[in-house]
Amino acid sequence: MDMKVSKKLGLKERYNLMTRDLAWTPTYQAVQDVYPYVEYEGIKIHDWDKFEDPFRMTMDAYWKYQAEKEKKLYAIIDAFNQNNGHLGLTDARYINSLKLFLTGVSPLEYMAHRGFAHVGRAFPGAGPRVACLMQSLDEIRHSQTQIHSLSNYNKFYNGFQNWRHQHDRVWYLSVPKSFFDDAITAGPFEYMIAIGFAFEYVLTNLLFVPFISGAAYNGDMGAMAFGFSAQSDESRHMTLGLEIIKFILEQDPDNLPIVQAWIDKWFWRGYRVLTLVAMMMDYMLPKKVMSWKEAWEIYAEQNGGALFADLARYGIKVPKGWEQACKDKEHLSHQAWAVFYNYGAAAPFHTWAPSEKDMEWLSAKYPDTFDKYYRPRYEHWAKEAAEGRRFYNTTLPMLCQTCQVPMFFTEPDDPTQIAYRESTYHGMKYHTCSDGCKAIFDNEPEKYIQSWLPVQQIYQGNCFTPEANPGAPDFNPLMEVLKWYRMEFGRDNLDYEGSPDQKNFNAWKQAATGN
């Protein structure tokens, strides 16, 4: 008898069958009631079916693909841990970069997971919804693999134990936290620009590629494994972010000025978060793979330049602040590390003055600026520390109302002059660190006057444990804040030289190689 043979479905047909053909249009509820957030930003979408997911991935393919990556990832992590891989690091100074990574970056991955789950629910279009679902799963996977990879260090070194508690409290961690608080409280389209563009294009490229390469260069196979495992997902995320931008711009010409304003805003917000990455690359890696300046030129100026050239046909211009960011590459990491060296008593990781060998490397990488502006400062601090007068700043710095970074950035054309900007709103003065942050504040003052600024909160007495008594004659504000942070003074903070981490690493490594 004749048999009816079904034609094998192609990739696009299978994708449509497993995703878009499962969607439906509400009938007994108004579409505006089911998707209440999709209109108030002013973005006009005429045909959601025009969105093309560049990867066309279905759930069955997704789990199979990710499961294979998980097997390889955890095999490397287990081998590294079981063979005391932490003793194969170049130097225990490197571990402090992981403390900063765990407290500053891993919680952001989890926030991205929650954000994409929320945004996926907000979009009426089946294509963007499925793409957001995939990225939401990716982001929670990244958070989990980072925590698993770094958990082994918690068995041996200080500063890892209260990372989640500290993310919501420690002064400098309000910088990355405020970035995601800002994004997740925006509308769904702005969130896609904030994360799909600023987080994935601007931030991730400069974090996962050069910094994770630095992890491998310093013998950290655990961080290297999760970094390269995540990077394959990041390529998909960057493509999704770009496709969403193109989709919005193609739907209606009225969308262009809105998208341009978001690109201006979120480029600058993402760039300010990169301040932490810059100092990690130049100062926290004992063996350095490339300078922050080189990374910026490759992953921002070249890759970003290509991105904006691609978007130019839609009318998108290079973001405001781009020129200043390119000038700042000569100064950003040095100024940031100087701040953390000053406030090393209030951070849950160790800092140190760069050695002469480190400064030779910095001088070679920054021939026009390092010796002129920064070497004398570090040499002075090293001399003071050698004579028993290691400097710790016990004051509280003014913070930028927008990015929440301490006000240490300098004017674009004068690295000897601190940049201060001021706005007045309802009779109150608000301070920002740059033209970029001032423009963001002035555009949405009602949002940023609500910023949770650690310094102001400390002054208001909101950063002490319940048993603290500010009226006591021996009251020490710093010690009480550290108690609220769950930091142990002298163990989790202060200089790397003489720290328990340094002593233990040297003793264990000598024991491991001494026989």
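The values are calculated or read from the model by the stated rules, or taken from the named source; none is laboratory data. The model shown is predicted, which means the values in this text are computed figures rather than measured ones. All Cβ positions, glycine included, derive from the backbone under ideal geometry; neighbour counts span all protein chains shown. To get the accessible areas, we keep the full protein, side chains included, count just its heavy atoms, and leave off ligands, DNA and RNA. Shrake-Rupley method; radii C 1.70, N 1.55, O 1.52, S 1.80 Å.
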Quiz item: Would it be correct to say that Lys287 is of a type outside the set (A, V, I, L, M, F, W, C), touching a residue at least 12 places away in the same chain (Cβ under 8 Å) and part of a loop (DSSP other than H, G, I, E, B)?
Solution: yes
Practice problem: Of all residues in the range 122-179, count the ones that are among the hydroxyl-bearing types (Ser, Thr, Tyr) and more than 25 Å from Gln404 (Cα to Cα). | Solution: 6
Practice problem: For Leu332, state whether it is touching a His at 6+ places or on another chain (Cβ under 8 Å) and either under 26 Å from Leu482 (Cα atoms) or at pLDDT 95 or above (or both). | Solution: no
Practice problem: Name the residue, out of Tyr65, Tyr94, that is at pLDDT 95 or above, of a type outside the set (Gly, Ala, Ser) and part of a helix (DSSP H, G or I). | Solution: Tyr94
Quiz item: Across the range 215-231, what is the total count of residues that are touching a Lys or Arg at 6+ places or on another chain (Cβ under 7 Å) and part of a helix (DSSP H, G or I)?
Solution: 2
Quiz item: Taking Val289, is it modelled with pLDDT under 95, open to solvent by 30 Å² or more (accessible area, probe 1.4 Å) and closer than 23 Å to Asn96 by Cβ?
Solution: yes
Exercise. Could you check Gln502 against (1) open to solvent by 60 Å² or more (accessible area, probe 1.4 Å); (2) among the polar types (S, T, N, Q); (3) farther than 24 Å from Thr395 by Cβ and say which number it fails?
Key: (1)
Quiz prompt | Extreme residue, modelled with the highest pLDDT, among residues of the range 484-515 that are small (Gly, Ala, Ser) and outside any loop (DSSP other than H, G, I, E, B) | solution = Ala507
Exercise. Would you check which residues across the range 340-394 are of a type in the set (Phe, Trp, Tyr), open to solvent by 10 Å² or more (accessible area, probe 1.4 Å) and in a loop (DSSP other than H, G, I, E, B) and list them?
Key: Tyr343, Trp352, Phe391, Tyr392
Self-check item: Subset of the range 97-149 that is aromatic (Phe, Trp, Tyr) and either modelled with pLDDT of 95 or more or assigned to a helix (DSSP H, G or I) (or both) - its residue that is farthest from the chain's Cα centre (by Cα)
Solution: Phe116
Self-check item: Residue in the range 305-337 that is surrounded by the most Cβ atoms within 10 Å (Cβ to Cβ), counting only those that are acidic (Asp, Glu) and under 21 Å from Ala419 (Cβ atoms)
Solution: Asp328
Exercise. Note down all Cβ pairs under 8 Å where the first residue falls in the range 6-25 and is within 15 Å of Glu52 (Cβ to Cβ) and without any contact (Cβ under 8 Å) to a residue 40 or more places away in the chain, the second is among the acidic types (Asp, Glu) and surrounded by 10 or more Cβ atoms within 10 Å (Cβ to Cβ), and they're at least six residues apart or on different chains.
Key: none
Self-check item: Options Asp254, Asp181, Asp220; residue that is charged (D, E, K, R) and within 17 Å of the chain's Cα centre (by Cα)
Solution: Asp181
Exercise. Output the qualifying pairs, or none if there are none: Cβ atoms under 9 angstrom, residues six or more apart or on different chains, first residue in the range 477-488 and on the phi > 0 side of the Ramachandran plot, second residue open to solvent by 60 Å² or more (accessible area, probe 1.4 Å).
Key: Arg486/Gln161; Arg486/Arg169
Exercise. Return only the number of the condition from (1) among the hydrophobic types (A, V, I, L, M, F, W, C); (2) free of Cβ contacts under 8 Å to residues at least 12 places away in the same chain; (3) touching a Ser or Thr at 6+ places or on another chain (Cβ under 6 Å) that Phe340 does not satisfy.
Key: (2)
Quiz item: When you scan the range 451-483, how many residues do you find that are open to solvent by 30 Å² or more (accessible area, probe 1.4 Å) and either small (Gly, Ala, Ser) or assigned to a loop (DSSP other than H, G, I, E, B) (or both)?
Solution: 14
Quiz item: Of everything in the range 223-237 that's surrounded by fewer than 19 Cβ atoms within 10 Å (Cβ to Cβ) and touching a residue at least 12 places away in the same chain (Cβ under 8 Å), which residue is nearest to the chain's Cα centre (by Cα)?
Solution: Gln231
Quiz item: Looking at the range 152-173, which of its residues are open to solvent by 10 Å² or more (accessible area, probe 1.4 Å) and either within 18 Å of Tyr271 (Cβ to Cβ) or touching a strand residue (DSSP E or B) at 6+ places or on another chain (Cβ under 9 Å) (or both)?
Solution: Trp171
Quiz prompt | Single residue of Ile245, Ile193 found to be surrounded by 23 or more Cβ atoms within 10 Å (Cβ to Cβ) and more than 19 Å from the chain's Cα centre (by Cα) | solution = Ile245
Self-check item: Pro412 within 28 Å of Lys327 (Cα to Cα), modelled with pLDDT under 95 and open to solvent by less than 30 Å² (accessible area, probe 1.4 Å)
Solution: no
Quiz item: How many residues are open to solvent by 60 Å² or more (accessible area, probe 1.4 Å) and acidic (Asp, Glu) when one looks only at the range 139-151?
Solution: 0
Quiz item: For the range 420-449, which residues satisfy the criterion of being open to solvent by less than 50 Å² (accessible area, probe 1.4 Å) and among the aliphatic types (A, V, I, L, M)?
Solution: Ile440
